[in-house]
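Take a look at the structure below.
The values are calculated or read from the model by the stated rules, or taken from the named source; none is laboratory data. Computed from a prediction, not measured in an experiment: that's the story for all the values here. Here the Cβ positions follow ideal geometry from the backbone for every residue, glycine too, while neighbour counts run over all protein chains shown. These area figures cover heavy atoms from the full protein model, side chains too; ligands, DNA and RNA do not enter into them. Shrake-Rupley method; radii C 1.70, N 1.55, O 1.52, S 1.80 Å.
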Amino acid sequence: MEKKGFMGKLRILSKPTGKPQWKQGIVAIFLMILAALVAKFLGFEDGIKAIMFITLIANIIIDLPLPLRKSVPLTVIGFLMTVLAFISSSLALSSLPLFLFFTILWSFFSLSTYIFSEAFGSFGFIIFCCYFLSVVLVNRDASPLDWGFYIVLAYMVASISFIPKLLNKKKDLSKLVASPFSPETSLERVLSIRQMLSGIPLEGRDYELFRIGTYLTGFRSYSKIVLSRLSGESREIFQKFIDTTNKSSSKIAASIISKTDSVDLESMDVELAHVQNAALSESSSNAPLSIAQNMHSLLKKANEIIVKEKSVNATVMEKLKIPSPRNSLKNVLGANFNLKNMYIRHALRFTLAMTIGLLVIYLTHERDAIWVTMGILIIIKPDVTSTLNNMIVRVSFNVIAIILAIVVSFIFPHYILFWIAFLMLFLYRAFYPTYMALSVMALTVFIILVWPTGTVFDNSLARIIDITIGAIIAFICAYIILPSRVTVNLPQQIAQTIRTNRKYVENVLPIPEMVYDHQKAVNAFRNYMLEEKTWNLPLKRWKILLTMLKMI
């Protein structure tokens with residue numbers, strides 16, 4: 001394996017996870033300006049800064065990639081939690097013990113939501129950011145009632161974001177249904193979308209298409225593994241089939257979204273015939289043929305559903321629901337709410353670090369204290385490696401941002417810097433959350449340019465010192481406080497995991513003489529999953545396996 005240098009590692013860590021959200025960025029800036037104008041008109045001059053940033057957070061919550069049916073209640077919860085966050089900070093202004101109580105409560109329970117899923121955890125993190133914002137902004141100049149009015153105004157303005165979601169409700173749902181047919185969609189993403197769609201009534205057509213697409217994504221993942229083990233002519237033939245299948249699958253995805261006619265699958269038929277001929281000449285393995293036949297069958301079935309919607313089943317017009325995860329709240333808490341769970345350990349580390357940081361802010365409200373704590377907030381992760389990686393990315397891009405801010409301040413006059421700062425705020429929202437490195441960099445430039453005291457150079461120097469101190473504190477907390485320790489006989493465990501994996505594959509893709517036994521395949525999968533757990537693989541992979549088991 002080639003050893004990556006610092007720049008190579010930085011490129012890998014800062015790799016984007018999607019496309020920039022330009023429309024969302026424009027809408028967010030427009031709503032922030034609108035909220036500021038309305039606040040000024042209503043006489044809320046003292047709260048304009050808070051109203052603008054609460055509007056931005058509310059807009060981020062509304063723009064989460066969720067169906068409208070789930071986005072609305074989540075926004076209501078976000079509104080209530082934001083109100084509680086600011087009330088907590090207002091009540092704690094004159095009581096240090098009360099402030100410590102609220103900070104520990106918000107820190108721990110916001111981050112412990114990761115035990116339910118990554119989506120819940122991300123929402124919990126946003127809610128904690130609301131509490132962080134309340135600690136920084138709340139003061140005695142406004143009463144708790146005033147802060148309540150500020151939040152109501154901010155969410156009312158941000159709720160304008162629901163208009164395009166309401167207008168595109170059916171199209172957005174069709175995009176989620178079609179997503180498994182896109183070759184770029186990972187199995188993890190499909191399972192995440194499945195969780196988003198759980199409990200939402202779908203037309204029989206869409207229900208069947210999403211179910212077929214989920215299986216197709218699984219076979220697409222298998223095909224990549226099989227392809228990596230082939231060589232010579234058989235590899236070229238199978239690669240051609242996969243490429244043709246991906247093109248056909250993309251066309252079906254477009255057809256699902258646009259509700260157009262069926263897709264011509266003749267080219268895929270031709271490539272399947274080539275795979276069959278290759279399988280006859282090479283009797284060593286039938287895995288490529290099994291995968292090819294299954295993928296061909298799934299796409300053909302999807303194409304038939306598109307052509308004849310009413311022939312799928314007798315209840316095609318009936319609304320069907322993807323089942324929700326079967327684990328009850330009691331089961332999830334019983335299995336995860338303990339120190340063996342890395343997210344609970346992370347919540348404890350996070351609580352200690354943020355309580356100390358916010359306590360310093362509470363007592364001093366100094367700029368340095370705010371940004372040291374902000375450094376901890378954006379860098380600390382559930383494990384040492386992720387925290388170190390985050391530290392590399394965030395500190396590196398902050399250095400670039402500071403250099404950029406200094407250069408810009410020398411080139412442009414002061415009044416232009418204000419507009420550049422707003423451009424940076426737009427880029428922050430456009431790059432969040434798919435280009436996190438660039439998003440953080442844009443936010444840093446914005447902060448340096450609009451900070452009310454000191455020169456740009458002084459602000460820049462203070463920012464890099466603060467973020468570095470925060471990064472070091474985050475790394476120390478992740479490394480010292482309840483770190484993960486795993487003792488395992490690695491060679492033996494790898495061998496055992498490979499054996500259980502092989503048994504599972506044999507049951508899912510049986511040889512022609514065998515008959516597929518669903519229960520046997522499920523049992524084999526359970527054994528494989530247990531071995532994966534023993535090996536202590538990353539949690540993201542655990543979640544994929546667990547969700548697949550629920551689907552079975």
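Only residues that are of a type in the set (Gly, Ala, Ser) and either in contact with an Asp or Glu (Cβ under 9 Å, 6 or more places away or on another chain) or closer than 15 Å to ALA279 by Cα (or both): list them for the stretch 224-249, please.
Let us first name the residues in the stretch 224-249 that are of a type in the set (Gly, Ala, Ser), namely 228, 231-232, 234, 248-249.
SER231, GLY232, SER234, SER248 - these are the residues of the stretch 224-249 that are of a type in the set (Gly, Ala, Ser) and either in contact with an Asp or Glu (Cβ under 9 Å, 6 or more places away or on another chain) or closer than 15 Å to ALA279 by Cα (or both).
Out of all the residues in the stretch 253-273, which are closer than 29 Å to ASP172 by Cα and hydroxyl-bearing (Ser, Thr, Tyr)?
SER255, SER258, THR260, SER262
Show me the helices (runs of 4 or more DSSP H) entirely contained within the stretch 5-123 in which 3 or more residues are without any contact (Cβ under 8 Å) to a residue 40 or more places away in the chain.
Output list reads 6-13, 22-41, 68-91, 96-111.
In the stretch 126-143, what count of residues is obtained for those that are surrounded by fewer than 16 Cβ atoms within 10 Å (Cβ to Cβ) and out of contact with any His (no Cβ under 9 Å at 6 or more places or on another chain)?
Within the stretch 126-143, residues that are surrounded by fewer than 16 Cβ atoms within 10 Å (Cβ to Cβ) and out of contact with any His (no Cβ under 9 Å at 6 or more places or on another chain) number 3.
Out of (1) aliphatic (A, V, I, L, M); (2) in contact with a helix residue (DSSP H, G or I) (Cβ under 9 Å, 6 or more places away or on another chain); (3) open to solvent by 40 Å² or more (accessible area, probe 1.4 Å), what's the single condition that is false for ILE411?
Of (1) aliphatic (A, V, I, L, M); (2) in contact with a helix residue (DSSP H, G or I) (Cβ under 9 Å, 6 or more places away or on another chain); (3) open to solvent by 40 Å² or more (accessible area, probe 1.4 Å), only one is false for ILE411: (2).
Only one of LEU42, LEU34 is open to solvent by 60 Å² or more (accessible area, probe 1.4 Å), over 27 Å from ASN390 (Cα atoms), out of contact with any Asp or Glu (no Cβ under 9 Å at 6 or more places or on another chain) and not polar (S, T, N, Q). Can you tell me which? Explain how you work it out, then say what you get.
Working: LEU34 fails: open to solvent by 60 Å² or more (accessible area, probe 1.4 Å).
Unique residue meeting the criteria: LEU42.
The rows are residues; the columns are (1) open to solvent by less than 40 Å² (accessible area, probe 1.4 Å); (2) more than 24 Å from the chain's Cα centre (by Cα); (3) small (Gly, Ala, Ser).
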residue	(1), (2), (3)
LEU348	no, no, no
ILE361	yes, yes, no
PHE397	yes, no, no
ARG429	yes, no, no
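For the stretch 85-117, name all the residues that are surrounded by fewer than 20 Cβ atoms within 10 Å (Cβ to Cβ) and over 26 Å from the mean Cα position of the chain (by Cα).
ILE87, LEU91, LEU93, SER94, SER95, LEU96, PRO97, LEU98, LEU100, PHE101
Quick one: how many residues across the stretch 430-483 are among the β-branched types (Val, Ile, Thr) and touching a Gly at 6+ places or on another chain (Cβ under 7 Å)? Before you say what the answer is, go through the steps one by one.
Filtering the stretch 430-483 down to residues among the β-branched types (Val, Ile, Thr) leaves 434, 440, 444-445, 447-448, 450, 453, 455-456, 464-465, 467-469, 472-473, 476, 480-481.
Among the residues that remain, those that are also touching a Gly at 6+ places or on another chain (Cβ under 7 Å) are: 434, 467, 469.
The total comes to 3.
Of the residues ARG205, ARG211, ARG229, which single one is among the basic types (Lys, Arg) and closer than 30 Å to LYS330 by Cβ?
Among ARG205, ARG211, ARG229, only ARG211 is among the basic types (Lys, Arg) and closer than 30 Å to LYS330 by Cβ.
How many residues does the stretch 64-84 hold that are in contact with a Ser or Thr (Cβ under 8 Å, 6 or more places away or on another chain) and open to solvent by 40 Å² or more (accessible area, probe 1.4 Å)?
1
Which pairs do you get when a residue that is touching a residue at least 60 places away in the same chain (Cβ under 8 Å), found in the stretch 392-410, comes within reach of a residue that is among the small types (Gly, Ala, Ser) and in a helix (DSSP H, G or I), reach meaning Cβ atoms under 7 angstrom, with the pair 6+ apart or on two chains?
Short answer, once both residue conditions are applied: VAL393/ALA437; ARG394/ALA471; VAL395/ALA471; PHE397/ALA437; ILE402/SER460.
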